[in-house]
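**Q** If you scroll down you'll find the structure; I have some questions about it.
Read the figures in this text as sums done on the coordinates, not as results from a lab. Note that the structure is predicted; figures quoted are calculated from it, not measured. Cβ placement follows ideal geometry from the backbone for every residue including glycine, while neighbour counts extend to all protein chains displayed.
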Amino acid sequence: MTNQMIKLDDISFDQSYQNLFQVDDARLRADALQHSTVPRLRAVLNECIAFIKDTYDIDALEDSRISWYPQFRLKRKNELTHLYDSAYASLGGKQSKEKWHGFKRKDGKVVQILPFRYGLMLQENGLFIQLENYWTKGLTDESHRKLFDFHIECESLIHSLCYRANIKPLYYHGDGCEPISTLKEHYDWMAENSYYDNFFVSEHVKYPILSDDLHRIADDYVTFYPVYDSYLQIAMGKPVRFLELVGKLNQWLRHADKFSETESPEDADELVANLSDDDLAKAKEAAEQKVKVMPSIRWQIFQRDNWRCVACGRGSQDDIILHIDHIIPRSKGGKDTLDNYQTLCHLCNLGKSNKDATNLRNRR
């Protein structure tokens, strides 16, 4: 089973994920980020990859791999002391000795790792998209300049993508370059002064981050993907296919606009009206299983259950998402107390029915 079964409608980041960044216990914070937050970010990124395939007919993992942090060994000799201030899941070029002929290293060695990543980052102030361009050092100035030249050549269309995707570039300036200058003046000044960390960052989505927010940020991620794809093509020494991908994006957007015009608010009302009593009962039961858990309790339950599903034993490394479940449902008198909660993965939680005897911790 993989997290391909997880959909954006099943994911959210409530206030407890924001409060997590205030937890002083470094081990608890790191474990919560790695085992609860990162799997959600990876699931969102997987949905983005599927949207990229639908929009551009591109397998995003052909030349890229998924990376994430925090990522550390479950067993370590020294106690963890670092207080992580973010969680991240991203696409980055695959490590290879043969792919990246378009770039060169200053020391003459073969380029194996690329300096840019395109990902989703969650911090205390919210969730955002980031295209970072300088996380590894050692490339020649000429290599970095190729990316700058691409931005200058395609300036107008890239800025249109920025507006559409709610993403803004972060430029440097200094003596000889005013804060408000042309794009070419910024890039020329940055190249002359070896400032190559040319970041693009989206607007932060504030907590609580719901499924509708995740759909929107996924749309923005896919919209800006042609820029990241152009970086890959440049790194491989191939011609960019930027204009081709923008054309496919326009085609997809035109189709989406036509589809939205055919919908009406009455359609949703009619759908609800046609639901059977059994369907409504199941929907009510599903909603009950998503009762909010106090933030301070959530992490205690996960930690008590060793960050694994008490039913099947799977953890975050198995591409699942952990949920808090009521052992005795609230509808049958179950309390919102620590001993009435258990950790279930999204698959086992989906299969669990609304019965009295559901203490799966005792079963394991």
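**Q** Could you run the Karplus curve 6.51 cos²θ - 1.76 cosθ + 1.60 with θ = phi - 60° over segment 207-212 and give me ³J(HN,Hα) per residue in whole Hz, x for Gly and Pro?
**A** Couplings: 6, x, 9, 9, 4, 4 Hz.
**Q** Could you list CYS48, CYS154 in order of exposure, starting from the residue whose Cβ has the fewest other Cβ atoms within 10 Å? Spell out each step's value before the answer.
**A** On the way: CYS48 26, CYS154 19.
The most exposed by this proxy come first: CYS154, CYS48.
**Q** Quick one: what are the phi-derived ³J(HN,Hα) couplings along segment 171-181, Karplus 6.51/-1.76/1.60 with θ = phi - 60°, whole Hz, x for glycine and proline?
**A** 9, 9, 8, x, 4, x, 9, 6, x, 9, 9
**Q** If each residue of separation counts as 0.36 nm, what is the full-extension length gain between ILE297 and LEU243 once their alpha-carbon separation is subtracted?
**A** Values: separation 54, 0.36 × 54 = 19.44 nm, distance 5.04 nm.
Taking ILE297 through LEU243 to full extension adds about 14.4 nm, to one decimal.
**Q** Could I ask something else about it? Want the number for SER96 to LYS109: 0.36 nm per residue separation, take away the alpha-carbon distance, what's left? Please list the in-between numbers first.
**A** Numbers: separation 13, 0.36 × 13 = 4.68 nm, distance 1.25 nm.
Length gained, SER96 through LYS109: 3.4 nm.
**Q** Find, among the GluC sites (Glu not before Pro) in segment 11-116, those assigned to loop by DSSP (not H, G, I, E, B) with at most 10 other beta-carbon atoms within 10 angstrom. Please list the in-between numbers first.
**A** Numbers: sites: GLU47, GLU62, GLU79, GLU98; in loops: GLU62, GLU79, GLU98.
Answer in residue order: GLU62, GLU79, GLU98.
**Q** Let me ask something additional. Check each of the chymotrypsin sites (Phe, Trp or Tyr not before Pro) in segment 86-173 and keep only those in coil by DSSP with at most 15 other C-beta atoms within 10 angstrom; list them in order. Don't skip to the end; give the middle numbers.
**A** On the way: sites: TYR88, TRP100, PHE103, PHE116, TYR118, PHE128, TYR134, TRP135, PHE148, PHE150, TYR163, TYR171, TYR172; in loops: TRP100, PHE103, PHE116, TYR134, TRP135, TYR171, TYR172.
Answer by residue number: TYR134, TRP135, TYR172.
**Q** Next question, about the same structure. Could you list the trypsin sites (Lys or Arg not before Pro) in segment 164-262 that lie in coil according to DSSP, counting only those with at most 13 other Cβ atoms within 10 Å of their Cβ?
**A** Of the trypsin sites (Lys or Arg not before Pro), the ones in loops of segment 164-262 whose Cβ has at most 13 other Cβ atoms within 10 Å are LYS206.
**Q** Can you compute the label reach from LYS168? Point 7 Å from Cα along the Cβ direction, backbone N cut-off under 15 Å, restricted to segment 188-221.
**A** Flagged as within label range: 199-205.
**Q** Projected onto the charge dipole of segment 3-260 (+1 at Lys/Arg Cβ, -1 at Asp/Glu Cβ, origin at the Cα centre), which of LEU20, PHE72, HIS204 gives the Cα projection farthest towards the positive end?
**A** Comparing the listed Cα positions along the dipole, PHE72 ranks first.
**Q** Now a separate question. Treat the count of other C-beta atoms within 10 Å as a stand-in for reagent exposure and order ARG304, ARG314 from fewest to most.
**A** Working: ARG304 15, ARG314 18.
Going from sparsest to densest Cβ surroundings: ARG304, ARG314.
**Q** Go through LYS106/LYS184; LYS99/LYS146; LYS104/LYS146 and tell me which ones have a Cα-Cα distance over 19 Å in this structure.
**A** Details: LYS106/LYS184 25 Å; LYS99/LYS146 17 Å; LYS104/LYS146 11 Å.
LYS106/LYS184, as the Cα separations exceed 19 Å there.
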